[in-house]
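Take a look at the structure set out below.
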Amino acid sequence: MNRPVLTMEGISKEFPGVKALESVDFELFPGEVHALMGENGAGKSTLMKILSGVYAPTQGTIRLKGEEVAFRGTLDAQRQGVSIIHQEFNLFSNLSVAENIFIDRPEMTGPFGRIKWSKMIEEAQALINSIGGSDLDVRQEVRHLGVHSQQVVEIAKALSFKADVLIMDEPSAALPENEVKKMFEVIHHLRSQGVAIVYVSHRMKEIFEIADKVTVLRDGQKIDTKSIDEVTEQQLIQMMVGKEVQQLYPIRQQPHDEEVILKVSNMSLDAEHKISFELRKGEILGLFGIPGSGSHTVAERLFGLKRGTGEIVINGKPVQIATPRDAKDHKLAYVPPDRHRQGIIKPMSIRKNITFTLLPSLSKGLALNNTAIQQVSSEYMNKLRIKAPHDEQAVDYLSGGNQQKVVIGKWLAAKPDILILEEPTRGVDVGAKAEIYSIIHKLAEEGLSILLISSEMPEVLGMSDRILVLYKGDIVHTFAHGEADQEQLLQRASHPRMEGDVL
């Protein structure tokens, strides 16, 4: 632990018109978990892409185990001992675990191109076992694995290159709350073997639970490196955003109305389970459940993405919602959990993304009303404080938080009465989270009824007026705001109905 395995000195990176990094130093020791934090756009991704061989630095040096290195690509970085596990897994679902770990590896190929199956299976299983995955059979196809097991495969694949340095980019983003601890167990295995880990995350709780040190970047510059026991959460937030964030979750100034805007009766989530609930005017109704609970299906059913039975009543009138168009016609909007695949069209501008669903109403015959389009775009760009030089900026170049605001803006422009928000702050930094929470709070204060579906327990607890807890397709408990803590919420979400449950 006395000598660093990795040293990055004076790292700068310039793109045309943009200075992404300026003289950043970073040091990593064997067996250390070093958290890298900062708002979207702070330079974290650029620094890690330089470390993993995607980019070459404009200036600066990298030393690995005391030797200066200059990676000629990601494969070169892997061969020299630096591997990265991305937030979105890079696995072939139709291949086995062993094949994914050793795909396209010369050492697993014999004469005449024959694959050394026995060697591949034996070495893959040994790798999996070494990180605590002994219950995983490397002969099974990846498509049959859960998210945590897929992550174990990604880690084993990285370690198959004899990694000294492992970069984990938002490793818990795709994991349910109950599987994060399993991931931490894997990290403890790696740490005990001397693997140095760069842990990139926005989740404060995880940083304080797993990291030994934390380095904060802001606007392309290193702010500081601290031992994790030398810093508080509030200090970290202040380092990241450059100012003090007094209140992450806004305090409700007025109670919501008692008028029922949405009433769901016996809505089928699958062949066996049906749920009923009500959403009131101006209410933020939280919906929490671990994967398999049916919370995602609730959103799909309400927005017409999935067919089923049951009655939906909006503003006192029974409605039929078979398609998203039906949902939109009944003033219901949906911000999906994956903005990249479902929420935005990245090459298109902010203006086009915000007004995309409104084009029929912003047209004069066959011609678009460009003045009206620009007015709508400017209104929501200003209202949501989307940071960009102008609304012609391609969404692909925005930070994660600003991309999420574009998705929200697109649906607010449709003037809904009911807004379904599923994972509204996934993959955004704490500063952007505070802004999005403020926007949600203000919308509810203005009378918008919000169904908040989230796997982040602090978010559900901090934002919701009421919380419905789902377990395998059933609503098993209802909490009022302030009635539960994270332990109680997870306990209800992990067990069938218990004595004393209040629905």
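Values in this text are rule-based calculations from the coordinates and carry no lab data. Please read all numbers here as calculations on a predicted model, not as lab measurements. No Cβ is skipped: glycine too gets one built from the backbone with ideal geometry, and neighbour counts run over all protein chains shown.
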Checklist outcome for this item: 1/(1 + (r/R0)^6) with r = Cβ-Cβ of residue 265 and residue 188, R0 = 45 Å, i.e. FRET efficiency to nearest 0.05, evaluates to 0.40
Checklist entry - Going 7 Å from the Cα of residue 325 toward and past its Cβ, which residues in segment 357-401 have a backbone nitrogen under 20 Å from where you end up? => result 357-368
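Over the Cα atoms of segment 1-144, what is the Rg over Rh ratio if Rh follows Kirkwood? Write out the running numbers ahead of the final one.
Numbers: Rg = 18.4 Å, Rh = 17.7 Å.
In segment 1-144, Rg relative to Rh is 1.04.
With r as the distance between the Cβ atoms of residue 58 and residue 445 and R0 = 41 Å, compute the FRET efficiency 1/(1 + (r/R0)^6) and round to 0.05. Provide the component values of the computation, followed by the final result.
On the way: r = 47 Å, r/R0 = 1.14.
Calculated transfer efficiency: 0.30.
What is the local net charge at residue 81, summed over the other residues whose Cβ is closer than 13 Å to its Cβ (Lys, Arg +1; Asp, Glu -1)? Numbers along the way, then the final one.
On the way: positive: 63, 65, 79, 162; negative: 67, 76, 164.
Result for the neighbourhood of residue 81: +1.
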Next on the checklist: Taking every DSSP beta bridge with both residues inside segment 6-241, roughly what % is antiparallel (nearest 5)?
Outcome noted: 60 percent
Item to check | Per-residue Cβ neighbour rank within 10 angstrom, fewest leading, 390, 188, 148 | outcome: 390, 188, 148
Checklist outcome for this item: P(r) of segment 344-415 over all Cα-Cα pairs, 5 Å bins starting at 0, rounded to whole percent, reads 3, 19, 33, 24, 13, 5, 2, 0
Checklist entry - For the Cα atoms of the chain, what angle does the longest principal axis make with the long axis of helix 370-383, in degrees from 0 to 90, nearest 10? => result 70 degrees
Item to check | Antiparallel DSSP beta bridges within segment 104-251, as percent of all bridges there, nearest 5 | outcome: 60 percent
Checklist outcome for this item: Once normalised by the length of segment 344-415, the mean sequence separation of its alpha carbon contacts under 8 Å that are 6 or more apart gives a contact order in percent of 49 percent
Item to check | Length released on extending from residue 307 to residue 387, taking residue separation times 0.36 nm less the Cα-Cα span | outcome: 25.0 nm
Item to check | DSSP beta bridges in the chain [antiparallel fraction, %, rounded to 5] | outcome: 55 percent
Item to check | residue 112 paired with residue 18, simple spin-label distance in nm, labels 7 Å along Cα-to-beta-carbon | outcome: 5.2 nm
Checklist entry - Residues in segment 8-31 near a label at residue 65, defined as backbone nitrogen under 18 Å from the 7 Å Cα→Cβ point? => result 8, 28-31
Checklist entry - Check residue 109: other-chain or 5+ apart residues with amide H under 5 Å from its amide H, H built from backbone geometry? => result 116
Checklist entry - Once Kirkwood radius over Cα pairs in Å is worked out from the coordinates, which option in [x] 30.8; [y] 23.3; [z] 24.7 does it equal? => result [z]
Item to check | Overall form of segment 286-364 per C-alpha gyration tensor (a/c, 1.5; a/b vs b/c) | outcome: oblate
Item to check | Other-chain or far-sequence residues with amide H under 5 Å of residue 6's (modelled H) | outcome: 28, 65
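How high is the relative contact order of the chain, in percent, counting Cα pairs under 8 Å that sit 6 or more residues apart?
Numbers: 997 pairs, mean separation 75.6, N = 503.
Across the chain, relative contact order equals 15 percent.
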Checklist entry - Between the helical axis of 400-412 and the dominant principal axis of the chain, each derived from Cα atoms, what acute angle in degrees is found, rounded to the nearest 10? => result 20 degrees
Item to check | Helix-only mean residue ellipticity at 222 nm for the chain, each DSSP H run of n ≥ 4 adding -39500 (n - 2.57), per residue, nearest 500 | outcome: -9000 deg cm²/dmol
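Compare the peptides 286-292, 120-126 by average per-residue count of other Cβ atoms within 10 angstrom and give them in order, highest first. Kindly include the intermediate steps, with their values, before the conclusion.
Numbers: 286-292: 21.7, 120-126: 18.6.
The densest-packed peptide leads the list: 286-292, 120-126.
In whole Å, what three semi-axes, largest first, describe the equivalent ellipsoid of segment 6-241 built from its Cα gyration tensor (square root of 5 times each eigenvalue)?
31, 21, 15
Kindly state, to the nearest 0.05, the FRET efficiency for residue 93 paired with residue 375, given R0 = 60 Å and r defined as their beta-carbon distance. Display every interim value, and only then the final one.
Numbers: r = 45 Å, r/R0 = 0.75.
For residue 93 and residue 375, the calculated efficiency is 0.85.
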Checklist entry - Over segment 277-341, what is the mean sequence separation of C-alpha contacts under 8 Å (at least six apart), divided by residue count, expressed as relative contact order in percent? => result 24 percent
